[in-house]
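Asker: This is the structure, below, for whatever I ask next.
The values are calculated or read from the model by the stated rules, or taken from the named source; none is laboratory data. No experiment lies behind these values; they were computed from the predicted model shown. Using ideal geometry, Cβ is built from the backbone for each residue, glycine included, and neighbour counts are taken over all protein chains shown.
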Amino acid sequence: MPTIHLSLPEWMYDELKQKADELGIQMTDLVKLFIKKGLEGDFEKEENSEEKEENSKYDESIAFLEAKVAQIDSLLIEVLKKLQMLEEEKDEEEEVEVVDSNQS
């Protein structure tokens, strides 16, 4: 995915951080949401304000849900890694038990 580097004034960064925290999403997701809203606003001027407000709520909900899915995905990957480690440890212990019982 293409990336951009963005320098912001401290006050703007703080406001974005606060808004992202309020929504429970990452700042990058919030910036993407604002960019999307801006682009849609420029190209869809005939859309009435009520529809824009409703779409805005949906966009915020979608951004929130996407962020939560990313968090859950990350947690699931960690759980699967730990599960794999535990299974490997169990297999090693079973190998040791088999070797020990053969030596008796």
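Asker: With the requirement that a residue be closer than 18 Å to Val69 by Cα and part of a helix (DSSP H, G or I), what does segment 1-30 give you?
Answerer: The answer is Ala20, Asp21, Glu22, Leu23, Met27, Thr28, Asp29, Leu30.
Asker: Shifting gears a bit: For the structure I just gave you, tell me whether Glu47 is modelled with pLDDT of 90 or more and charged (D, E, K, R). Steps first, please.
Answerer: Details: modelled with pLDDT of 90 or more: no; charged (D, E, K, R): yes.
Against the criterion (modelled with pLDDT of 90 or more and charged (D, E, K, R)), Glu47 does not qualify.
Asker: Just a yes or no: is a residue in segment 50-64 in contact (Cβ under 8 Å) with a residue 40 or more places away in the chain, surrounded by 10 or more Cβ atoms within 10 Å (Cβ to Cβ) and part of a helix (DSSP H, G or I)? Talk me through it step by step, then tell me what you get.
Answerer: Going through segment 50-64, the residues in contact (Cβ under 8 Å) with a residue 40 or more places away in the chain turn out to be 63-64.
Filter once more, so that each one left must be surrounded by 10 or more Cβ atoms within 10 Å (Cβ to Cβ): 63-64.
From the residues that got through so far, the ones that are part of a helix (DSSP H, G or I) too are 63-64.
Looking for residues that are in contact (Cβ under 8 Å) with a residue 40 or more places away in the chain, surrounded by 10 or more Cβ atoms within 10 Å (Cβ to Cβ) and part of a helix (DSSP H, G or I), one finds at least one in segment 50-64, hence yes.
Asker: Identify, by number, the condition in (1) at pLDDT 85 or above; (2) over 30 Å from Ala20 (Cβ atoms) that Leu75 doesn't meet.
Answerer: (2)
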